[in-house]
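First the structure, in the form of structure tokens, and then the observations on it.
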Amino acid sequence: MQGLSGLKVIIITINLIAGGAGALAIYSALFEVTVDLPRQEDIRWFIDDGSIAFLATGRVVNNGFYDIEDVDIHVALWNSTDDPLAVSFTHYDRISRGITDIEFIMRLNLTTLAEHVNMVFSDDTLRVGVSVTAKYLYTLITFSARYEYTAPWSALIKEVSIDQNLTSHPRGSMVVLEVPYRVRCSPLVEGISARVHVKLYSSSGELISENASSISLHEETAGRFELPLDRNWTLNLVTHSQELHLRVTGIFAGRSGVIQQRIPWGAPFDGIHTRRVITPQEYIIEYSFTNNASSALDLSVFTGAYDSNGTEIYSSSDRYGVLPSQYVLKTISIPLSAYSNAKKVEFTLFDTLSGMRYSEVVER
């Protein structure tokens, strides 16, 4: 918060008070009380029982002849749109002559803050109002002072970024798509959890996958959202480059914020095409595709022929790498003797790095 010091309250005895102490006050002529409000270095922000709190310290300098009594210190806090955020009240029965340190604590409930989205996700300006009321000369004189100043507020969640370079990996029989993210936060929310719900849509608006998880917030938080893919959507994504739509909903202190992002997706087997040719000697499978993924493929190719009982009567395999943007045109040959006895021929492409798979089955 901005520094502020030297708020002075000078009390001059101008009221005639009859008798004894009153007369003494008149002939004292002049006394001074100085209230030093908190400066930047006197304020400490911290997390306290689910609230963001700050502890501020100041001091009262009593240069008069008597103690100050019945001292009330009120502090109120508003944001830039005049929404009340918190109040604090501190009472001292007596402040003796000399210098006395004072302190007050104010708690900003996270739910209250979350009601004002600009304070969660954006910087803001706070208004702080401080008033001091006290009595002097055995409570015969009451004096008060008020001051208001502004203080900068730094957003609790400063930045959320989504990496467009999506990756995938196999997990059992499934493929999991990973969405890298990074969050920068205020140190005030260190260790507090946020709930995140992620949805991924195809270019035509169909829901591909969704998942929910909790993340622990730190000043710098990085990780990956995981989205499991079923077989149908795996087939769609391996063969069709498209623009995906990602929607991330974050829930923090009961308040939600939404990030939507378009993500270009490059299919590893984009535009795959197969053609079958039978010659007097062999059964030929010709296939072609373009690797439009952002990374290279470690491709395994499996071909199998099966009889009517499902027994494998022929198989072949191949393995090769495919660079990004590389066009592939290859053929697989099955001896006609094996093909003649086959009731089913299966052809599979499998990228061992991403877990992406493409299969075709021909029934005879």
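The values are calculated or read from the model by the stated rules, or taken from the named source; none is laboratory data. Since this is a predicted model, take the numbers as computed values, not measurements. Backbone-built Cβ (ideal geometry, glycine too); neighbour counts: all protein chains shown.
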Give the range 69-81 a look and list any residue that's loosely packed, with under 14 Cβ neighbours inside 10 Å and touching a Ser or Thr at 6+ places or on another chain (Cβ under 6 Å), or say none. none
Scanning the range 141-182 for residues that are of a type in the set (D, E, K, R) and surrounded by 13 or more Cβ atoms within 10 Å (Cβ to Cβ), the one nearest to Glu226 (Cα to Cα) turns out to be Glu178
Being touching a Phe, Trp or Tyr at 6+ places or on another chain (Cβ under 7 Å) and closer than 15 Å to Leu77 by Cα narrows Arg127, Arg146, Arg107 down to just Arg127
Based on this model, can you work out whether Ala267 counts as closer than 30 Å to Glu190 by Cα and in contact with a helix residue (DSSP H, G or I) (Cβ under 8 Å, 6 or more places away or on another chain)? no
Test Arg319 against the criterion of being in the same structural domain as Ser173 (by TED's automatic domain parsing), in contact (Cβ under 8 Å) with a residue 12 or more places away in the chain and either surrounded by 15 or more Cβ atoms within 10 Å (Cβ to Cβ) or in contact with a strand residue (DSSP E or B) (Cβ under 8 Å, 6 or more places away or on another chain) (or both), and give yes or no. no
Being among the β-branched types (Val, Ile, Thr) and either in contact with a helix residue (DSSP H, G or I) (Cβ under 6 Å, 6 or more places away or on another chain) or within 29 Å of Tyr201 (Cβ to Cβ) (or both) narrows it down to one of Ile284, Ile259, so name that one. Ile259
Among the strands (runs of 3 or more DSSP E) confined wholly to the range 184-235, which include 3 or more residues that are without any contact (Cβ under 8 Å) to a residue 40 or more places away in the chain? 207-216
Residue list for the range 237-267, restricted to those being part of a loop (DSSP other than H, G, I, E, B) and surrounded by fewer than 16 Cβ atoms within 10 Å (Cβ to Cβ): Gly254
Can you say whether Thr133 is in the same structural domain as Asp67 (by TED's automatic domain parsing) and either under 30 Å from Ser354 (Cα atoms) or touching a residue at least 40 places away in the same chain (Cβ under 8 Å) (or both), as far as the supplied structure shows? yes
Enumeration of residues in the range 145-183 that are part of a strand (DSSP E or B), over 26 Å from Glu210 (Cα atoms) and in contact (Cβ under 8 Å) with a residue 60 or more places away in the chain: Ala145, Tyr147, Tyr149, Thr150, Ala151, Pro152, Trp153
Look through the range 93-140, keep the residues that are among the small types (Gly, Ala, Ser) and surrounded by 14 or more Cβ atoms within 10 Å (Cβ to Cβ), and return whichever of them is farthest from Phe46 (Cα to Cα). Ala134
Given the condition in the same structural domain as Thr90 (by TED's automatic domain parsing), among the charged types (D, E, K, R) and farther than 16 Å from Trp78 by Cβ, answer yes or no: does some residue in the range 160-174 qualify? no
For the range 62-98, which positions are over 19 Å from Thr150 (Cα atoms), outside any strand (DSSP E or B) and either touching a Cys at 6+ places or on another chain (Cβ under 7 Å) or of a type in the set (Ser, Thr, Tyr) (or both)? Tyr66, Ser96
Restricting attention to the range 178-192, and to residues there that are of a type outside the set (D, E, K, R) and more than 11 Å from the chain's Cα centre (by Cα), which single residue is farthest from Ser154 (Cα to Cα)? Val179
Let me spell it out: the conditions are (1) modelled with pLDDT of 80 or more; (2) surrounded by 13 or more Cβ atoms within 10 Å (Cβ to Cβ), and Pro84 meets all of them except one. Which number is the exception? (2)
Determine the pairs where a residue that is in the same structural domain as Val189 (by TED's automatic domain parsing) and among the aliphatic types (A, V, I, L, M), located within the range 46-65, has a partner that is part of a strand (DSSP E or B) and surrounded by 15 or more Cβ atoms within 10 Å (Cβ to Cβ) with Cβ atoms under 9 Å apart, the partner being 6 or more residues away or on another chain. none
Any residue at all in the range 350-360 that's outside any strand (DSSP E or B), loosely packed, with under 12 Cβ neighbours inside 10 Å and either at pLDDT 95 or above or of a type outside the set (A, V, I, L, M) (or both)? no
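Residue by residue, here is whether (1) within 48 Å of the chain's Cα centre (by Cα); (2) of a type in the set (Val, Ile, Thr) holds:
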residue: Gly254; (1), (2): yes, no
residue: Asp270; (1), (2): yes, no
residue: Val301; (1), (2): yes, yes
residue: Thr331; (1), (2): no, yes
residue: Ser337; (1), (2): no, no
Would you check if there is a residue in the range 103-124 being assigned to a loop (DSSP other than H, G, I, E, B) and either touching a residue at least 60 places away in the same chain (Cβ under 8 Å) or acidic (Asp, Glu) (or both)? yes
